[in-house]
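The values are calculated or read from the model by the stated rules, or taken from the named source; none is laboratory data. What you are looking at is a predicted structure, and each value in this text was computed from that prediction instead of being measured. Glycine also receives a Cβ, built like all others from the backbone with ideal geometry; neighbour counts cover every protein chain displayed.
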Amino acid sequence: MPQETIALLGTGIMGSAMGRRLARAGFEVRAWNRTRSRAEPLAGAGATVAGSPAEAAEGATVLLTMLSDGAAVETAATPALPALAPDAVWLQMSTVAIGDTARLGALAASAGVAFVDAPVLGTRQPAEDGKLTVFASGPEELAERCAPVFGPLAAKTVWLGPAGAGTRHKLVVNTWLHALMGSLAETIAFARSVGVDPERFLDIIDGAPMGAPYAQVKGRMMIGSEYPASFSADLGAKDVRIALDAAKAAGLELPILAAAGAAYEEAARLGHGDDDIASIYEATRPDRS
């Protein structure tokens, strides 16, 4: 049986899937969420539902945060860190800004807790299937200790250097992903506007060098105007904002990514903020109001 006791803070779409996999792998998991009802289903997988971050963290050897943004992570982690076991490690797996990661690392250091910056690539289904990609960064000597925790969660873990490198790599991948989503939405809208069946477009690119499996999944959601959330448009907009902020700090403009971000914001204005990122199509469809 795994020996680590894991305090999981954040049980949204991703956090709850990760918590179930860790509990079923034999870890003792204590789960907390600001809205308790979203953590309670994890009890059926063997996790303990805690009433506060500090309660979840009491004596735990691993703190795992999976929350919406840097502010939410800091708010939850601040009371949790002093309650951890003396040799605990903090796995910060949320996607947050570069500056947030630096601040959270400093918070961990002040509490005497080892810090691993380890955001993940993947949405609901990869999280449920244990096929995420972990962008791990932090002290290299922690890689062996972290491997059993990452194992039930990920098909691939890459160690990238000092803490902060994981966040930077994740933002780069997100830039490509969200630009793809914006381009896919516009392509389907354009196809319809000129009388081309967008299903035919997806068939043509399927398996071709310019095709992407992700386009098949999200494109068919766009065509059907059905958006069960694997990753919400609101979170997509958040990802874009932090990438644009990082680019601006580096003296770079990313107009294509900015356009995708504006489309997510418009989709949210139209009532799709909690829907899947494929709802970006609602901001581009030819018949939109």
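Being free of Cβ contacts under 8 Å to residues at least 40 places away in the same chain and within 18 Å of the chain's Cα centre (by Cα): is that true of Leu270 here? Taking the combined requirement at face value, the residue does not satisfy it. Of the residues making up region 112-131, those that are in contact (Cβ under 8 Å) with a residue 60 or more places away in the chain and either buried (at least 24 other Cβ atoms within 10 Å of the Cβ) or polar (S, T, N, Q) (or both) are Val120, Thr123, Gln125, Ala127.
Can you tell me which residue within region 1-32, out of those that are farther than 16 Å from Ser232 by Cβ and in a loop (DSSP other than H, G, I, E, B), is farthest from the chain's Cα centre (by Cα)? Taking the candidates together, the pick is Met1. Contact list please: Cβ distance under 7 Å, first residue in region 182-202 and basic (Lys, Arg), second residue in a helix (DSSP H, G or I), pairs at least six apart or on different chains. Listed by first residue and then by second, the contacts come to Arg192/Pro198.
Confirm whether Ala56 is over 18 Å from the mean Cα position of the chain (by Cα), crowded, with 21+ Cβ neighbours inside 10 Å and not in a loop (DSSP other than H, G, I, E, B). So Ala56 passes the test.
Candidates Ser279, Ser225, Ser230: the one that is among the small types (Gly, Ala, Ser) and in contact with a strand residue (DSSP E or B) (Cβ under 8 Å, 6 or more places away or on another chain) is Ser230. When you check Gly51 against the structure, is it touching a Leu at 6+ places or on another chain (Cβ under 8 Å), at pLDDT 95 or above and assigned to a loop (DSSP other than H, G, I, E, B), yes or no? Answer is no for this residue.
When you check Pro213 against the structure, is it surrounded by fewer than 19 Cβ atoms within 10 Å (Cβ to Cβ), assigned by TED's automatic domain parsing to the domain that holds Val173 and touching a strand residue (DSSP E or B) at 6+ places or on another chain (Cβ under 8 Å), yes or no? It is false that Pro213 is surrounded by fewer than 19 Cβ atoms within 10 Å (Cβ to Cβ), assigned by TED's automatic domain parsing to the domain that holds Val173 and touching a strand residue (DSSP E or B) at 6+ places or on another chain (Cβ under 8 Å). Please determine, by comparing only the residues of region 203-229 that are part of a loop (DSSP other than H, G, I, E, B) and free of Cβ contacts under 8 Å to residues at least 24 places away in the same chain, which one is nearest to His272 (Cα to Cα). Filtering first and then ranking leaves Glu226. The C-beta contact set for region 1-26 (first residue among the polar types (S, T, N, Q), second residue buried (at least 23 other Cβ atoms within 10 Å of the Cβ) and assigned to a helix (DSSP H, G or I), distance under 7 angstrom, 6+ apart or interchain) comprises Thr11/Gly19; Thr11/Leu42; Ser16/Leu42.
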